[in-house]
Every structure is written in structure tokens, then in C-alpha cells.
Amino acid sequence: IVSFLTPGNCKKKHMIKCLVELWSAQMKNKSIKTQVLLHILILLAIGMTIQVVIVSSRASQTANHLSSELIEETAESYKNIFDTIASEAYGTVSAFAPIALSASELENGRETLVGMLNDYLNQDESLLAMWTVWEPNAFDGRDAEFANTPYHDSSGRFIANVNRTERGLSLTHI
């Protein structure tokens, strides 16, 4: 076999033609029974190879399809979880806004509103922070009185921020 396929023998011939000639030379010395058996075995090997390729291809397509479906279902699940959390947070903010506005009418409205921010965070463990930011003098018109005090900036603008930390609630200005 090796000597038959040397470059000198196959130099001008196509490789497949060389293989066919090699096969024919080998088959001449075999009985008819052996020749038929070998041809059947070759056809079986080719058939099995084709089957493996087809099954592998279909399995790959099915795996890709199932992976895509799983990704879509997982994304939809996380979207629903996020929507629920966002809706609850929006509900909290929507309920808190009128309360914050009414606190601005109180004499100690700023302290009252900071206390309410603390209370909301204590009552709802899912909230990580709450804050209120007001335009200059928009809360109660008394910003100058609160300049450079806790949860106010240098102009006295009311900008309270309550965060949940490992040690409890932390009050700062934004």
C-alpha cells in the first residue's frame, strides 16, 4: 500500500484515482464472498458516518434552540422580578410625595420629614435609601436658617439622604 501511494506513482494522478486503483488491485486476489463483504462493510461505515453527522447536527440545533428558550425564559423571569420591585418602589415614592409636601407647612417640617424618611426605611427592609431634594427655598422658604447644617448644603437647601448601611441607617446630605 505504501509503495503504491508514493509520490512517484501518484504524481500525475488524482489521489482518489490512486485509491481506486489500489482498491481494485487489492480486490483482485479476494474471493467474491470477501469482496461483497468488504463492500457492504464500507457502505455500512459510510452510512453510519452519515447518520452520526445528521444526528449530531440535529442534536446541536435542538441544544441551541433549547438554550435560546431557556435564556428567554430566564430574562422574562428577571424582568418580572424587576417590574415588581420597581412597582413597589414607585408606590412608596408616590405615597410619600404628598406627605413630604404637607411636612413643608409644619414649623419643624424638615426634622419631621427626615424622621419620616427614617421611619419608611425602618418599616420596609427592601428599600436601601430614601432622599428628598428641594429647589432653593422651595420647601419652606427658610433655607438661609439651615445653611451648613446636617442634611443641608452651604446655602441651606434641603437635601436629606437616608441610607441603609451595615451599622444601621445613615443620614447625610446629597
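What is the projected area of the convex hull of the Cα atoms of the stretch 81-123, averaged over all directions, in nm²?
On the way: hull surface 12.3 nm².
Mean projected area for the stretch 81-123: 3.1 nm², to one decimal.
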Within the accessible area of the chain, what % is carbon and sulfur when the probe is 1.4 Å and the other protein chains stay in place? 62
For the chain, modelled as a Gaussian network with Cα springs under 10 Å, which listed residue fluctuates most, 15, 48, 130? 15
Volume per residue (Å³) of the convex hull spanned by the alpha carbons of the chain is 289
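State, as an integer percentage, the relative contact order of the chain based on alpha-carbon contacts under 8 Å between residues 6 or more apart.
On the way: 119 pairs, mean separation 18.6, N = 174.
Once divided by the residue count of the chain, the mean separation gives 11 percent.
Where in the chain are the DSSP H helices whose C-alpha atoms run 27 Å or more along the long axis and whose mean Kyte hydropathy is at least 0.5? Could you put the intermediate results ahead of the total?
On the way: long enough: 32-103 (105 Å, 0.67).
Those that pass (Cα extent of 27 Å or more, hydropathy at least 0.5) are 32-103.
For the full complex of protein chains and a 1.4 angstrom probe, list 16, 32 by accessible area with the highest value first. Please list the in-between numbers first.
Working: 16 105, 32 130 Å².
So, going from the largest accessible area down, we get 32, 16.
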At a 1.4 Å probe radius, which order do 114, 53 fall into by accessible area, largest first? 53, 114
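Can you bin the stretch 19-117 into rounded, prolate or oblate? Criterion: square roots of the alpha carbon gyration tensor eigenvalues sorted a ≥ b ≥ c, rounded for a/c under 1.5, prolate for a/b above b/c, oblate for the rest.
On the way: a/c = 12.44, a/b = 8.29, b/c = 1.50.
It is prolate, given that a/c is not under 1.5 and a/b is the larger ratio.
State in Å² the accessible area per residue of the chain; use a 1.4 Å probe, count heavy atoms of protein chains only, and round to the nearest integer.
Averaged over the residues of the chain, the accessible area is 73 Å².
Treating the beta-carbon of each Lys and Arg as +1 and of each Asp and Glu as -1, no other charges, what is the dipole magnitude of the stretch 29-174 about its Cα centre, to the nearest 20 debye?
Approximately 1620 debye in magnitude.
The values are calculated or read from the model by the stated rules, or taken from the named source; none is laboratory data. Treat the numbers as computed from the prediction; the structure is a model and nothing was measured. All Cβ positions, even for glycine, are placed from backbone atoms using ideal geometry, and neighbour counts span all protein chains on display. Accessible surface is based on the protein model in full, side chains and every heavy atom, while ligands, DNA and RNA are left aside. Shrake-Rupley method; radii C 1.70, N 1.55, O 1.52, S 1.80 Å.
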